[in-house]
Structure formats: structure tokens, C-alpha cells
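The values are calculated or read from the model by the stated rules, or taken from the named source; none is laboratory data. From a predicted model like this one, the values you see are computed outputs, not experimental measurements. Please note: Cβ atoms are built from the backbone with ideal geometry, for glycine as well, and neighbour counts cover all protein chains shown.
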Amino acid sequence: MAKFTHGPLLSPSDATSAYDAGAVDSGTCITLPSGGSTPSPATVPAVSCLPSLVCVGMAKAGTDELRGWLSLHPNLSSSTDREVQYFNHGIFRAMPGGVVGPVHHRSLLEAALRTSWSEYAARFPVPREHIGRVLTFEKSPGYARPQHNLSRVANGIERHVPFLMRRLMPSVRLVLLLRDPVALVRSRFVHCLRQAGRQRRPPLPSCGGAVERDYESMLTAGAGLLRLEPGGAAGGSPLRPVAVARDAEALYALRMAPGDTRARTLP
Ligand SMILES: Nc1ncnc2c1ncn2[C@@H]1O[C@H](COP(=O)(O)OS(=O)(=O)O)[C@@H](OP(=O)(O)O)[C@H]1O
């Protein structure tokens, strides 16, 4: 049973001691100073409550659609941000110097979680009169996909995300949406190209190998359809996203052909 928001309300000065005492979980509410620069009513403490439901992915599997539908429910309250990306990203703000490169030391992440979890909670404001009647939720597809060492994102952080979430919110319920891996990677590839266009930079290098890694991990670990061999029929160099996307298209077409099972037996 997912936890509804509940009292008693913690104050910001209680945040770390409550964490240490194991008194923090999904639905825990904390009073926080409202953001904004206006002196009043910004000084009136707002209430924020940790989520009971987190959609962790997959990216491009319809997570936005799910967020939209859930938001319509009177007892569910979404995060303020479309994607919070705290456990794989925001948490680094609490680490001196941030992290670039592989994250080896989980203890550093846990220390950051201990002191900064109220910043995460702040993304889930709840009107006081609704406490006890709603549960809060978020979706961050970045929690379930391999992170790439692109500027602010630490390589390998995804291995630690489940631990961090469980440490903060032992009762949290996770939702993972799945989609045909080939359609999914094609969607991601198109997204990658569009993003490059918006940022006025050359498209292919900007994908940084991310799409290919998604492709490979989804086809092997995700769907278990086939094993990719370097240079093999369904392979493709990590530096050749167009070739990989073409392979994806070919596989997709094969799988859609009625009665055709060849895609399942590709090497
Ligand atoms: N109900 C339903 N049925 C089938 N497909 C759907 C549905 N809702 C969203 N979509 C498709 O999901 C893709 C977007 O997924 P996400 O919202 O998870 O994207 S994101 O990770 O937040 O960027 C995007 O896929 P592409 O159009 O292939 O890019 C959406 O069209």
C-alpha cells in the first residue's frame, strides 16, 4: 500500500536527525521556507512531502503520458518539475566539487543524501489542508538508464540510485514502463537529433554514444532478444549512430512482419 502524506511535520532543523533516526519515508512532510524573492508571503513556510510513487523509466516509454494521467487524479500530486532527476543528478549539488567520472564511493552519495534530502522533498509541495489525502509522485526516466559522462552527470550513478531511494524512502513504490526496445531506441535517437538542432550544434557527435549504449543495453538486457557482437549483423560501431539506427529500423521491420520470427534468432 503506497503511503499517503502524513504528519507530524518536520522542521528544516529536524531533517538530518530524523534521517539518522530512520524516521523519514514516503509521505513524510517537512515545512520549508517558500522560494521566491518577495518578502511576503514567501516567508510563510510551505509544506513538502516525499513521494510515494516514482516512475523510474524507461526514457521514451510514455513516461510523460503516465505523469499526465496520474496528475488528473484528485489524490495524486505531481512534482513541480516535469522530471526531478535528483538521485542521478541533483544530489551532486550537495557534494563538494560535484562528481565527474565513475562514482565509486556510495558513502559520499549517502552523506549528500543525508544533508540534502529536504531539497528533494521541496519539489513536492502539498497544501496543508491536503495532507493525509494525497500522495505525491514523480517521474525521472534518468533513474533507470545508464548515465553518460556528459558534463554534470556522473558515470555509473544509476547503479546507486535504487540504494539511495530505498535509504530515503523504504516504502516507495517504483514504476518501470517498458516499450518495444527498437521503437524506444529510435525515439531516443530522434530526440537526440532534435536536441542537437535546438542547441545549434552538429547532431551526431552530440549524441555522444548515448543512443548506441541504450540500444545495446535494451536489446540485450532489456528485451533479451539478441546478443550484439562488435561488428556483427546487428552490431554497429559505438561511433556510428546512423548505422545503428538503420539496424534498429531493419530489426523493427522484421519484427513487425506477420509470422516472421527471424529477429528473435538473429545472432
Ligand atoms: N499512450 C501511448 N502509447 C504509445 N506511445 C506513447 C503513448 N504516450 C506516449 N507515447 C510515446 O512515448 C514517447 C515519449 O516517451 P516519454 O514521455 O517517456 O519521453 S521522455 O523520456 O520523457 O522524453 C513518444 O514516442 P515517439 O513518438 O516514438 O518519440 C510518444 O509518442
Exercise. Only residues in segment 6-17 that are hydroxyl-bearing (Ser, Thr, Tyr) count as the first member; pair them with residues that are surrounded by 13 or more Cβ atoms within 10 Å (Cβ to Cβ) and outside any helix (DSSP H, G or I), Cβ under 8 angstrom, at least 6 apart or cross-chain, and list the lot.
Key: 11/30; 11/31
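Name every residue in segment 85-97 that is assigned to a loop (DSSP other than H, G, I, E, B) and buried (at least 22 other Cβ atoms within 10 Å of the Cβ), in order of residue number. Don't jump to the end; show me each part of the working.
Let us first name the residues in segment 85-97 that are assigned to a loop (DSSP other than H, G, I, E, B), namely 85-89, 95-97.
86, 87, 88 - these are the residues of segment 85-97 that are assigned to a loop (DSSP other than H, G, I, E, B) and buried (at least 22 other Cβ atoms within 10 Å of the Cβ).
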Self-check item: Pair list, Cβ < 6 Å and 6+ apart or interchain, from segment 54-82 residues that are assigned to a loop (DSSP other than H, G, I, E, B) to residues that are small (Gly, Ala, Ser) and within 8 Å of the ligand (Cβ to nearest atom)
Solution: 60/187
Quiz prompt | Every residue from segment 160-194 that is among the small types (Gly, Ala, Ser) and more than 15 Å from the ligand (Cβ to nearest atom) | solution = 171
Quiz item: Hey, residue 63 hits all of (1) modelled with pLDDT under 95; (2) within 16 Å of the ligand (Cβ to nearest atom); (3) β-branched (Val, Ile, Thr) but one; which does it fall short on?
Solution: (1)
Self-check item: Filtered residues of segment 132-149 (kept if hydrophobic (A, V, I, L, M, F, W, C) and at pLDDT 95 or above)
Solution: 134, 135, 137
